[in-house]
Amino acid sequence: MQRLNIAMIGYRFMGKAHSNAWRQVSRFFDVPCEPVMKVICGRNEPDVKKAAHAYGWEQSATDWEEVVSRDDIDVVDICTPGDTHLPIAVAAARAKKVVFCEKPLANTLGDAERMLDAVQTNGVIHMLCHNYRRAPAVALARQIIKEGRIGQIYHYRGTYLQDWLVNPDFPRLWRLEKAKAGSGALGDIASHSIDLARHLVGEIAEVSGLLKTFIAERPARAGSREMAPVDVDDAALALVRFENGAVGMIEGSRFAAGRKNYNRFEINGSKGSLVFNLERMNELELYLEEGPESGFRTIIVTDAKHPYVSAWWPRGHIIGYEHTFTHTVLDLLRAIAEQKIPSPNFADGVRNQRVLDAIERASESKAWEKV
Ligand SMILES: NC(=O)c1ccc[n+]([C@@H]2O[C@H](COP(=O)([O-])OP(=O)(O)OC[C@H]3O[C@@H](n4cnc5c(N)ncnc54)[C@H](O)[C@@H]3O)[C@@H](O)[C@H]2O)c1
């Protein structure tokens, strides 16, 4: 079997999630090529060495430019903040590597377009990690929609709510700095709701927008008295019009007390509705219009016939957040074996970024903006 050497840049939250995915994928799925966890890269040598050992990487390194240009590397996996995606992805594409990048693709639309241009010009395979597409319940929702079972779609309601910023003493991390993160709740979490909207309903044509920062300065570091400005949105809201006539709303907030990772959508069509909530990710609610006794039912999405499930456990034996990443790298490996560009890819990243950009413009202009 073909072996593919993986290099991963960044080793904290997503670094841990992606490491687990690379490690598990061939233990559960019949993969067409075997990923080899070759090298993990970060800036702090002792910490990255520790991560290499804990996550099971063969080597660690501190210079991503050197790593990306190595002849023995096949895939570059980018798990760093948004401001680093462009230089790493462009260098990896020029070195003819497969590029797998965390969302949002970049901090600005211009950077996202340059990244798409780099992977296309160099003819390399590329993928963007909007992992929620590959929760089995979401994949099942897409099947149900494609089969026409809920009919013509009228409404999409996407809410992605967290509460980790409600405490004003929470320090200003990189996620609260525009120069590093590009935007706040908008790019961080509303981008996932936008990806699911595009995946399940269709392209977004026009948006309104409202971005709000509730707490404009925070401790520069945990426990510090020194304050630092927050120049990104704490909450992002938009009404959206889809090209196919559906209408919807997107809401991302990190100030929704009690909501931990409430990534929910509700879709209403002419024959029925679908509801998904990541906090109950093994379930999908389905309503089909079937007369006076019809009502919402909850499907436990753990049947071997459901997407991705047969590789895991018997019915009712649930799976978790980390499996969405395993499914994503599985489909990347399959695409590499077939020399195809998987979805979502950098073109999806650019389309997503156009929506983020339009919401930012609409928040400024207080008018509807074209995507
Ligand atoms: N798919 C998802 O659901 C999801 C969830 C969380 C984060 N993300 C995305 O993943 C990316 C990383 O976020 P995270 O939560 O893992 O952040 P994090 O802060 O937990 O980790 C960032 C890592 O990048 C490294 N890093 C930062 N700057 C670097 C540089 N210049 N060179 C080399 N390494 C550098 C840090 O040392 C750290 O290891 C972001 O784009 C974020 O939006 C995606």
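Readers should treat all values here as calculations from the given coordinates under stated rules, not as data from a laboratory. All values derive from a computational prediction rather than experimental measurement. Ideal geometry is used to build each Cβ from the backbone, glycine not excepted, and the neighbour counts take in all protein chains shown.
Structure notes:
- A simple charge model with +1 on the Cβ of Lys and Arg, -1 on the Cβ of Asp and Glu and nothing else charged puts the dipole of the chain at about 400 debye relative to its Cα centre.
- Difference of contour (0.36 nm per residue) and Cα-Cα distance, Gln59 to His155: 29.7 nm
- Stokes-Einstein diffusion for the stretch 71-137 at 20 °C, viscosity 1.002 mPa s, with a Kirkwood radius from C-alpha pairs, works out to 178 µm²/s.
- Order by protection proxy (mean Cβ within 10 Å, highest first), peptides 291-303, 61-73, 170-182, 248-260: 248-260, 170-182, 61-73, 291-303
- Modelled this way, with points 7 Å down the Cα-to-C-beta line, the labels at Lys146 and Asn122 are 3.1 nm from one another.
- For the chain, with +1 on Lys and Arg beta carbons and -1 on Asp and Glu, the positive-most of Leu186, Ser26, Ser270 along the dipole: Ser26
- Of Lys146/Lys340; Lys49/Lys97; Lys178/Lys340; Lys50/Lys340, those spanning more than 31 Å from alpha-carbon to alpha-carbon: Lys178/Lys340; Lys50/Lys340
- Mean separation of Cα contacts under 8 Å, 6 or more apart, over the residue count of the chain: relative contact order %: 20
- Our note on the geometry: Cα centres of the stretch 263-290 and the stretch 74-143, 29 Å apart.
- Each other residue within a Cβ distance under 10 Å of Glu266 adds +1 if Lys or Arg and -1 if Asp or Glu, for a net charge of +1.
- Helices in the chain, meaning DSSP H runs of at least 4 residues, each add -39500 (n - 2.57). Divided by all residues, the mean residue ellipticity at 222 nm is -10000 deg cm²/dmol.
- Using the Cβ of Asp163 as centre and a radius below 13 Å, the other residues enclosed give a net charge of +1, where K and R count +1 and D and E count -1.
- Percent RCO, i.e. relative contact order, over the stretch 21-119, from Cα pairs under 8 Å lying at least 6 residues apart: 19
- Assigned charges on the beta-carbon of Lys, Arg, Asp, Glu; the stretch 33-182 dipole about Cα centre (debye): 680
- GNM result for the chain, Cα springs below 10 Å: residue of Cys101, Cys33, Cys129 fluctuating most strongly: Cys33
- Footprinting exposure proxy for Asp234, Asp77, Asp47 (fewest neighbouring C-beta atoms within 10 Å first): Asp47, Asp234, Asp77
- Dividing the alpha-carbon radius of gyration of the stretch 298-371 by the rule-of-thumb value 2.2 N^0.38 Å gives 1.63.
- Maximal additional length on extending the Leu239-Ala205 stretch stands at 11.1 nm, based on 0.36 nm per residue less the C-alpha distance.
- Sites Asp47 and Glu283 - FRET efficiency at Förster radius 41 Å, r taken between beta-carbons, to 0.05: 0.60
- A Förster radius of 41 Å, combined with the Cβ-Cβ distance separating Met227 from Glu290, puts the computed FRET efficiency at roughly 0.10.
- Distance in nm between pseudo-label sites at Lys366 and Ala216 (7 Å out along the Cβ direction from Cα): 1.8
- Rg followed by Dmax, in Å, when the chain is reduced to its Cα trace: 20.6, 65
- Relative contact order computed over the stretch 254-371 (Cα-Cα under 8 Å; 6+ residues apart), in percent: 11
- Estimated dipole of the stretch 1-60 in Debye, rounded to 20 [Cβ of Lys and Arg +1, of Asp and Glu -1, Cα centre]: 160
- Set of aspartates and glutamates with alpha-carbon distance to Lys96 below 12 Å, sequence-local pairs under 8 removed: Asp71, Asp72, Asp74
- Highest mobility in the GNM of the chain, judged by mean-square fluctuation with C-alpha springs under 10 Å and restricted to Pro229, Pro344, Pro104, is found for Pro229.
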